[in-house]
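Participant: Have a look at this one before I ask anything.
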Amino acid sequence: MKRYSGIFVVVLLACAAGGWMFFGCVPDEKAPSQDTMQDEEDYIVIGLSQIGSESDWRNANTGSFRSEFTAENGYYLLFEDAQQKQENQLKAVRDLILQEVDYIILDPIVETGWDTVLMEAKDAGIPVILVDRQIVVEDEDLYTCWVGSDFREEGRRAGQWLADYLESQGRREEQIRIVTLQGTLDSSAQIGRTMGFQDVLSAHGNWEMLERRSGEFTQAKGQEVMRDLLQSHKEIDVLISENDNMTFGAIEAIESAGRTCGPDGDIIVISFDAVRTAIQFMQEGKINADFECNPLLGPKVSKIIEELEAGERVEKIQYIEEQYFDTSMDLEKILEERTY
Amino acid sequence: MKKKKFSLKDLTDTNLLLTITIVVFFLMYIGAILFQGGGFTKPQTFFNILNANAALIILSCGLSLVMITGGIDISVGGVTALISMCCAVYLDFHGGNVSTSLLMALGIGLAFGIFQGFLVAYLDIQPFIITLAGMFFARGLTTIVNTKPFNVANEAFTKLKLTRVIVPGMGAPNRRGVYVDAYVELGVVVAILVVIVMFCFLRWTKLGRSFYAVGGNHQSALMLGINVKRTRFISHVLCGLLAGIGGFVYFLHVGSGSAAHATGAEMDAIASSIIGGTMLTGGVGNIVGTFFGVLSLGTIQNIVSSAGLDEAWWSGITRAVMLCLFLVIQSVVMARKKKA
Amino acid sequence: MKENVVLEMRNIHKSFPGVRALQGVDFTLRKGEIHALMGENGAGKSTLIKVLTGVYGKDEGAIHLDGCEGAAAIHSPQDAQKLGISTVYQEITLCPNLSVAENMFIGRTRGVGQNWKKVNADTDKILRSLDIPAKPTQQLESCSIAVQQMIAIARAVDMECKVLILDEPTSSLDEQEVEKLFGLMRNLREKGVGIVFVTHFLDQVYEVCDRITVMRDGQLVGEYAIKDLPRVQLVSKMLGKELDDMSDIKDEQQEYEKEEGIPPVLEAEGLVSDAGIKPFDFHIDKGEVNGFTGLLGSGRSECVRAIFGADRVTGGTVKMKGKPVKINRPLDAMKNGIAYLPEDRKMDGIVGDLSVRDNIILAQQVLRGFFKPFSKAEANKIADEYIKLLSIKTASADTPIRSLSGGNQQKVILARWLFTHPEYLILDEPTRGIDVGTKVDIQKLVLKLASEGMSVTFISSELDEMLRTCSRLVVMRDRRVVGELTKEDLNQNKVMNTIAGGEE
Amino acid sequence: MSKDRKTSTGSGILTKIVRNQCFIPLIALLLLVAFNLIADPGFFKITLADNSAGNPVLSGFLVTILDSGSELAILAIGMTLVTAASGGQDISVGAAVAIAGSVLLRVLCGSNSRPETLQAPIIVAFLVSCLVAMLFGAFNGVLVAYFNIQPMIATLILYTAGRSIAAWVNNNELPVISEPSFKYFGEFIPGIPIPTPFFIAVACMIVIGLVLKFTDLRLYTEAVGINQDSARLNGLDPKVVKVLSFVILGVCVAVVGLIKVSRISTINYSVIAKDIEMDAILAVALGGNALSGGKFNMAASIIGAYVIQFLTTTLYKFHVQSDALPAYKAVVVIILVVLSAPKVREWLAGLSKRSMKKEAV
């Protein structure tokens, strides 16, 4: 009887293969299927390969693309969530190539390992726009341009702000003990911000970096690591936290350890990203300064795409405008304008 | 018996479940082609599913072996991560060569298999708890070997990684009209070889059949003169060995070492085996089914993402629904058996 | 070793924790004979066979095989197979998920490869030669139980064994199939194979066997040529009562007189369950002690399980005190005042890791409901009371029941059901595997309870216990009620004759 | 012989202590304490200081253990029951916590993910999340009891889908609660220097203690876990008891969800209560409860949970990477499991007998 089941399976396989031939290869040679045709006629199809949805920043970033590339604006957006894995992202880009999108927007998880897949995109004639994080490739022509924040500049500005702030507080000559909550190691934000701050740090002999630990950009981890740091270092004057989510966690840890932070507290907190909640924290006096890492890349990318559609050349590296906030500003007003 | 008389009742449990799996897979794929078109019409989409899941296919084969004997192994994901990290470190920091790293991968897999197999088979410890510990251990050890995720730059390895096997006649023109050959990665070839070898092993060797015997009723198997302990032991060792191969294929696919690699791979592998018709209670299962089980999961992911659904949660839910469905089918088959 | 002897077991001892399963048993099997191994349940037949086939190790004694120098070393089923001992067990020990051919050949040869084509062809040949209606590639499970049994025998036969053990192979076969099997057995006898045949069907023994070895309570009763041992004597030897012992009077039991006008405590009509018994009628009156008797496998346990709702009841009606009741699950029965002490103490009776106290209160606790637990003090009081009442030997009420001896475990279970104050108590083999003192205690208790107005159904493999306690016996054979004996009919001869099938 | 008996009664109390199920986890705890005492007595320092809200609060490693161990202890309660009744473990608790937390936030926030005020009383939100968690527990239970699927595999379904469902409940947004009183559950109530989760854990322990005392839960669960057939013949319905144990675990999950979400006032679907199922199973095993079901000791499980937290915190203190922790835990598990394997025990018993004999000679 096994023989019959075998026949059954073979028949099935044949059916399926036949189906494939019919639905797959045949229309392929003649014309694209109806769906894609409609897409190609009416819309510019954008494929977005996003890292995940691990933080508010990321969600604001995704949201910015979603609200920019709408049908009303003449776009069709295919969204691929890589759930923090490069392998998923590689597959996502390949799938997008196969789906013949017009542009691929890639927010790379790590810096390396992109050559092949970008080559495939190039071969398929699909321009790739990198956003947020940067990559290392042998041939810079593999991608069209990069849009994002200048992390090193952010770090440098944070250092500079700290120097100014300490001076204004009259603590210029004091021994300043600093701890850093780093982001996910080897991410461009982590490298940039750490190095930028290091640039300023090395110019100040009285600043001492007690410890740098990774909080992996998450709130839970930030809280955990900060709790640990507080227990192993008695005196901490400054906390540099490389994103807001970690900062929130760290503040929890600081408070539950019975310490205080912010302008009136004993630990100066400098954070990055400046999401809405962080501004609220600033209002409550828990964060001293926050350096924006603007997630609203949608409009800028959309402008670039318009230029490309028009056949223009675009700049290879495009920094997005960024600001910073500290407690001396009119936070009420900022908060009102803040959309994320 | 004439073909007319053929009915589902005549199928063995293994073949019945296998048939269900294959039917579901092809219905799903044909449905995707019909309703989503786009990328699914291209053979390369299918090959991409294979490329992305080659390692999972191998891991699932190992799990199927263990599950057929009535056991379970949830350490395979951890072992995969450990292997990719060890190989990456070895290749990049110690200038090792690729073939030695392959041996290392197999060695690690075997070591886990032998250790766990011994504890399970000869000390009668529940396989679930011991392989759970194995998973913990492998994951932790991965971080101890190296914390940071990094891409391997070793030339020989990169060359191997980029090796592609062209599938003749399956290519398609891309949007520029250039004909692109369809390809699979080296890992897929390995995976298919593994599937064939394991299929033959289970189908035609005495040891393979005794796997079924032990899983079906280990008391009977003992009475039939099968060395039950040794059979169980071998199933774990083979699973370990396949985890070694799968780990290396995974490493070859991602080309990097990271503690976060292959998270949840063990659960995916178990789910694939179940969907592929491997009975949890042992004694029923088929490697071909497992192969299609993996493909079904991969296809679901593709369908979900190209349908524009937010992949991160939709794929989770659809997979769970599918798993639930197949578990209930198995349960019903079991009930049917008991009644008869 | 004597001429013609293929297997000789001498002075075999085997103990399990709390039980001495085999005590110095001898067994001799000659070439070309069919040798019946007889005994009631718990007599040690299965243990003896498992020792012979290496499933259990023996504590003492030696096994000699024809063609082997000295004592044979049998430590595993594989060893036994290699030495030419093949077994077909009572429960089918083939793998249901493999094909027929695979079942025939797996585990028999060393090496990796197997030429399945040849295996299938060989299997086909064997199946044909033995007239077994199965295909080599068929999944075993899709064959009927009888065919599976025959395949198991075919496998054993094909292994060119010197000793073939058939452990109740006929229990699931119909007459034609049994005939076929007997043909096969005679055929093998001609070829010089020694066959050990274990069965409960006396007809079959007298039809096919040459010699009988009888065991009782882990001991050898004797070895007899078939012509020297008439049927009734065989039964009496199995049950441990000589026929001339008929003077044994029911001294302890008062004659039960039915009170007129009161409906029976329980009345069942056409009751049938999915455990494979034929529909039966049954009733019991207030203060009556009756019993089901019959050999093992005759369906006596299944009957009471059906009454208690332990098996799925598929038909029939039950009335209690004249009122119809529905009993679908044990709790229904318990609520109606029925208590059931199950046959298999280990599997169905005790909750091994729980303390004696918890085991005593369990049933009553379930009746009382989830939100009304006994306080620890109450439970202890109850436990102590019953420990004293039934003189249960235990270190304390806290001791896990597992560590008690069989008899005391049984008393605990009895205490559990007495504590529910049932109107109708079913005792299925309450005296199996326990010491003599406790046996007597339990019988006395049954009579006392009956005199206090409780109805009791008492089942035992030991006929004299039944005769001593019961005022009415329902006799069963082949899962069917074949007779009901009361008053003057209640004597060994009559009962044994009814069990044996009314001949002689 | 008589000599033997004397020594055995003499050491009776000792054997009783050693036999007690709490013995192993307590010994593990003592070992950890001793290790920390030697390595750094500062581990045990507890300081009282004001936090940002001006409340005096206790801090120190011990407080951290009591605080962070709460979730584990609560889950260990439910896991112990499930293990006892079904002879298997629920691996979906982490995912279920994510669902419970997500539902809680959803009810509290309404449609707006950043509400200024709570849209519903916390108690209502908690009850809703409790109900949802119980439903998911019942789902697992039904698969296990009525479909006869091994618990680990049955709960694999929810394990796979749970976090996705959690994200779906809130449309993949990350709601943030700004209401300060919501933080009380995960941090401190003003004026009380001990972290609230500890009180919640204690409350759970008291509740389960009372339940075990005033209902038949223990007897039913153990009877079903030890001998299902026997339990059925005593009028119990093993299926119902199994489902019940999963539903109780659901309640525990909801409580943990509340604490977890309250701690950070928001939720991260992929990280919240990650791997907590493994720790909870470990706690049960460490408490000396058979993973194959049957008799259980709730206190031992709870102590087991705190021992694991103790181990975790100790490892953290010595700067073990948080990702490397599982390796150390795995070693502990393997040693425990191997030591408790019947075969190894037999072998050890044989070994000690032999050595005793040698001594006698």
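The values are calculated or read from the model by the stated rules, or taken from the named source; none is laboratory data. Bear in mind the structure is a predicted one, so any value in this text is a computation, not a measurement. Cβ placement follows ideal geometry from the backbone for every residue including glycine, while neighbour counts extend to all protein chains displayed. For the accessible areas, the whole protein counts, side chains as well, though only heavy atoms, and no ligand, DNA or RNA atoms are used. Shrake-Rupley method; radii C 1.70, N 1.55, O 1.52, S 1.80 Å.
Participant: Look at A:Ser214 and say whether it is within 11 Å of chain D (Cβ to nearest Cβ), of a type outside the set (Asp, Glu) and in contact (Cβ under 8 Å) with a residue 24 or more places away in the chain.
Facilitator: Details: within 11 Å of chain D (Cβ to nearest Cβ): yes; of a type outside the set (Asp, Glu): yes; in contact (Cβ under 8 Å) with a residue 24 or more places away in the chain: yes.
Yes; evaluated as a whole, the condition is true for this residue.
Participant: So the check is Cβ under 6 Å with 6+ separation or different chains; which pairs have a first residue in the stretch D:294-307 that's within 14 Å of chain C (Cβ to nearest Cβ) and a second one that's surrounded by fewer than 22 Cβ atoms within 10 Å (Cβ to Cβ) and modelled with pLDDT under 90?
Facilitator: Filtered contacts from the stretch D:294-307: D:Gly294/C:Asp353; D:Lys295/C:Asp353; D:Asn297/D:Gln21.
Participant: Under 7 Å by Cβ, and 6 or more places apart or on different chains, what pairs join a residue from the stretch B:205-218 that is under 13 Å from B:Arg232 (Cβ atoms) with one that is of a type in the set (A, V, I, L, M) and surrounded by fewer than 24 Cβ atoms within 10 Å (Cβ to Cβ)?
Facilitator: B:Leu207/B:Ile234; B:Leu207/C:Val112; B:Phe211/B:Leu202; B:Val214/B:Val228; B:His218/B:Val228
Participant: Just to be sure I understand, how many residues within the stretch A:86-101 are open to solvent by 30 Å² or more (accessible area, probe 1.4 Å) and more than 7 Å from chain B (Cβ to nearest Cβ)?
Facilitator: 1
Participant: OK, next. May I ask you to list the residues in the stretch B:39-55 that are within 17 Å of B:Ile300 (Cβ to Cβ), at the interface with chain A (Cβ under 7 Å from one of its Cβ atoms) and β-branched (Val, Ile, Thr)?
Facilitator: Answer for the stretch B:39-55, where residues must be within 17 Å of B:Ile300 (Cβ to Cβ), at the interface with chain A (Cβ under 7 Å from one of its Cβ atoms) and β-branched (Val, Ile, Thr): just B:Thr45.
Participant: Ok, one more. Return a yes/no flag: does the stretch A:119-129 have any residue that is open to solvent by less than 10 Å² (accessible area, probe 1.4 Å) and over 21 Å from B:Ala52 (Cβ atoms).
Facilitator: yes
Participant: Please verify whether the stretch B:229-239 includes one or more residues that are more than 13 Å from the chain's Cα centre (by Cα), facing chain C (nearest Cβ under 10 Å), of a type in the set (Lys, Arg) and surrounded by 24 or more Cβ atoms within 10 Å (Cβ to Cβ).
Facilitator: No.
Participant: Residue check: is A:Glu315 away from every other protein chain (no Cβ under 14 Å), open to solvent by 10 Å² or more (accessible area, probe 1.4 Å) and in contact (Cβ under 8 Å) with a residue 40 or more places away in the chain?
Facilitator: For A:Glu315, the condition - away from every other protein chain (no Cβ under 14 Å), open to solvent by 10 Å² or more (accessible area, probe 1.4 Å) and in contact (Cβ under 8 Å) with a residue 40 or more places away in the chain - is met.
Participant: Another question, if that's okay. Can you name every residue in the stretch C:6-20 that is at pLDDT 80 or above and crowded, with 16+ Cβ neighbours inside 10 Å?
Facilitator: Pass one, the stretch C:6-20, residues at pLDDT 80 or above: C:6-15.
If the condition is that a residue be at pLDDT 80 or above and crowded, with 16+ Cβ neighbours inside 10 Å, then C:Val6, C:Leu7, C:Glu8, C:Met9, C:Ile12, C:His13, C:Lys14 are the ones that fit.
Participant: Next question. Give me the residue from the stretch D:95-125 that is in a loop (DSSP other than H, G, I, E, B) and among the polar types (S, T, N, Q) and, out of that set, least open to solvent (accessible area, probe 1.4 Å).
Facilitator: D:Ser113
Participant: Going through the stretch A:239-279 one residue at a time, which ones are over 24 Å from A:Ser168 (Cβ atoms) and within 9 Å of chain D (Cβ to nearest Cβ)?
Facilitator: Result: A:Asn245, A:Phe248, A:Gly249, A:Glu252, A:Glu255, A:Ser256, A:Ala257, A:Gly258, A:Arg276, A:Thr277.
Participant: Follow-up. Determine whether the stretch B:113-132 contains at least one residue that is among the aromatic types (Phe, Trp, Tyr) and not in a helix (DSSP H, G or I). Working first, answer last.
Facilitator: If we filter the stretch B:113-132 for residues that are among the aromatic types (Phe, Trp, Tyr), which is where we start, we get B:115, B:118, B:122, B:128.
If we keep only those that are not in a helix (DSSP H, G or I) as well, we get none.
So far as the stretch B:113-132 goes, no, none of its residues is among the aromatic types (Phe, Trp, Tyr) and not in a helix (DSSP H, G or I).
Participant: Right, here's the next one. For the stretch C:385-396, indicate whether the set of residues that are within 10 Å of another protein chain (Cβ to nearest Cβ) and open to solvent by less than 20 Å² (accessible area, probe 1.4 Å) is non-empty.
Facilitator: As a first pass, look at the stretch C:385-396 and keep what is within 10 Å of another protein chain (Cβ to nearest Cβ): none.
No, there is no match, as no residue in the stretch C:385-396 is within 10 Å of another protein chain (Cβ to nearest Cβ) and open to solvent by less than 20 Å² (accessible area, probe 1.4 Å).
Participant: Moving on to the next point. Hey, among the residues in the stretch C:166-205 that are without any contact (Cβ under 8 Å) to a residue 40 or more places away in the chain and closer than 18 Å to C:Thr87 by Cβ, which one's most open to solvent (accessible area, probe 1.4 Å)?
Facilitator: Within the stretch C:166-205, the match that is most open to solvent (accessible area, probe 1.4 Å) is C:Ser172.
Participant: For the subset of the stretch B:115-154 comprising residues that are closer than 11 Å to B:Arg232 by Cα and more than 7 Å from every other protein chain (Cβ to nearest Cβ), which member is surrounded by the fewest Cβ atoms within 10 Å (Cβ to Cβ)? Steps first, please.
Facilitator: We begin by selecting, within the stretch B:115-154, every residue closer than 11 Å to B:Arg232 by Cα; these are B:116-122, B:124, B:127.
Next cut, more than 7 Å from every other protein chain (Cβ to nearest Cβ) only: B:116-118, B:120-122, B:127.
Details: B:Gln116: 27, B:Gly117: 27, B:Phe118: 16, B:Val120: 26, B:Ala121: 23, B:Tyr122: 14, B:Pro127: 25.
That would be B:Tyr122.
Participant: Restricting the search to the stretch D:134-154, which residues are assigned to a helix (DSSP H, G or I) and open to solvent by 30 Å² or more (accessible area, probe 1.4 Å)?
Facilitator: D:Met134, D:Leu135, D:Phe136, D:Phe139, D:Val142
Participant: Follow-up question, since we're still on this one. When both residues are 6+ apart or on different chains and their Cβ atoms are under 6 Å apart, which pairs have a first residue that lies in the stretch B:320-332 and is more than 7 Å from every other protein chain (Cβ to nearest Cβ), and a second that is not in a helix (DSSP H, G or I)?
Facilitator: B:Gln330/B:Met279
Participant: Can you tell me how many residues in the stretch B:161-178 are at pLDDT 85 or above and open to solvent by 80 Å² or more (accessible area, probe 1.4 Å)?
Facilitator: 2
Participant: Being within 14 Å of chain B (Cβ to nearest Cβ), farther than 29 Å from D:Ala49 by Cα and surrounded by fewer than 23 Cβ atoms within 10 Å (Cβ to Cβ), is that true of even one residue in the stretch D:126-133?
Facilitator: No, the stretch D:126-133 contains no residue that is within 14 Å of chain B (Cβ to nearest Cβ), farther than 29 Å from D:Ala49 by Cα and surrounded by fewer than 23 Cβ atoms within 10 Å (Cβ to Cβ).
Participant: Still on this structure, I have one more. Hey, does the stretch C:303-313 have a residue that's assigned by TED's automatic domain parsing to the domain that holds C:Ser273 and over 18 Å from C:Leu427 (Cβ atoms)?
Facilitator: yes
Participant: So which helices (runs of 4 or more DSSP H) are wholly in the stretch D:155-250 and hold at least 2 residues that are of a type in the set (Phe, Trp, Tyr) and under 20 Å from D:Glu71 (Cα atoms)? Give the derivation first.
Facilitator: Numbers: elements: D:196-214, D:217-226, D:228-233.
Qualifying helices (runs of 4 or more DSSP H): D:196-214.
Participant: Would you please name the residue that is surrounded by the most Cβ atoms within 10 Å (Cβ to Cβ), looking only at residues in the stretch C:397-416 that are modelled with pLDDT under 85 and not in a helix (DSSP H, G or I)?
Facilitator: C:Leu404
Participant: Another question, if that's okay. Any residue at all in the stretch B:262-280 that's within 14 Å of chain C (Cβ to nearest Cβ), open to solvent by 10 Å² or more (accessible area, probe 1.4 Å), under 22 Å from C:Asn103 (Cβ atoms) and among the β-branched types (Val, Ile, Thr)? Don't jump to the end; show me each part of the working.
Facilitator: Taking the stretch B:262-280 first, the residues within 14 Å of chain C (Cβ to nearest Cβ) are B:277-280.
Keeping just the survivors that are open to solvent by 10 Å² or more (accessible area, probe 1.4 Å) gives B:280.
Then drop every residue that is not under 22 Å from C:Asn103 (Cβ atoms), which leaves none.
No, that holds for no residue.
Participant: Next up: Please find, among D:Val320, D:Val333, the residue that is in a helix (DSSP H, G or I) and at pLDDT below 80.
Facilitator: Matching residue, one of D:Val320, D:Val333: D:Val333.
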